[in-house]
1. Suppose only helical runs count, i.e. DSSP H with n ≥ 4. What mean residue ellipticity at 222 nm does that imply for the chain under -39500 (n - 2.57) per run, divided by all residues and rounded to the nearest 500 deg cm²/dmol?
2. Using θ = phi - 60° and the Karplus form 6.51 cos²θ - 1.76 cosθ + 1.60, what ³J(HN,Hα) does each residue of the range 91-97 get, whole Hz, x for Gly and Pro?
3. Which angle from 0 to 90°, rounded to the nearest 10, does the C-alpha axis of helix 7-71 make with the longest principal axis of the chain?
4. Once Lys and Arg get +1 and Asp and Glu get -1 on their Cβ, which of S75, G52, L11 lies farthest toward the positive end of the dipole of the chain?
5. For the range 53-102, with only Lys/Arg (+1) and Asp/Glu (-1) charged at the beta-carbon, what is the dipole magnitude about the Cα centre, in debye rounded to 20?
6. What is the range 7-84 by shape, rounded, prolate or oblate, if you read a ≥ b ≥ c off the alpha carbon gyration tensor as root eigenvalues and call it rounded for a/c under 1.5, prolate for a/b larger than b/c, and oblate otherwise?
7. About the Cα centre of the chain, what is the dipole size in debye to 20, counting +1 per Lys and Arg Cβ and -1 per Asp and Glu Cβ, all else neutral?
Amino acid sequence: MKSATGIWDVLTNAILVLLFVAVLVAVAVWYSPLIKQNQTMRAEIQRLKREGAQEEERKRQLDSTISLLRTDRKSQERLIREYLGYAKSDEMVFRFVEPATPAPAPRAPALGR
């Protein structure tokens with residue numbers, strides 16, 4: 001014998017399904033700011049990792065330069081000459097200074113006047 005499902009059973013099942021959907025929507029709304037914050041923080045972590053890798057590369061280059069300057073006399077001399085402007089006593093140094101403001105370009109005469 002089949003049991004007949006009445007209207008109340010159908011309505012009860014519909015209400016339970018709607019209640020479940022409402023709970024899911026409430027959870028999604030409740031956690032959406034946290035999900036956005038999590039995504040923002042993950043992007044920040046990735047940016048900081050890239051920045052850290054760049055700084056590590058810069059540190060490696062600077063360590064290499066320091067090591068070279070401690071051991072190589074030619075590099076020391078080149079840097080002293082370049083940055084401090086030193087020269088040996090028998091050398092002549094030429095310094096080219098650019099003007100502070102460039103001179104205005106000459107104007108072409110107007111034709112046909």
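We did not get these values from a lab; they are worked out from the coordinates using the rules stated. Please read all numbers here as calculations on a predicted model, not as lab measurements. FYI the Cβ positions are ideal-geometry reconstructions off the backbone, even for glycines, and counts take in every protein chain you see.
1. Mean residue ellipticity, 222 nm, calculated: -25000 deg cm²/dmol.
2. Rounded to whole hertz, the list is 9, 10, 10, 10, 10, 9, 9.
3. 20 degrees
4. S75
5. It comes to approximately 160 debye.
6. Verdict is prolate for the range 7-84.
7. 300 debye
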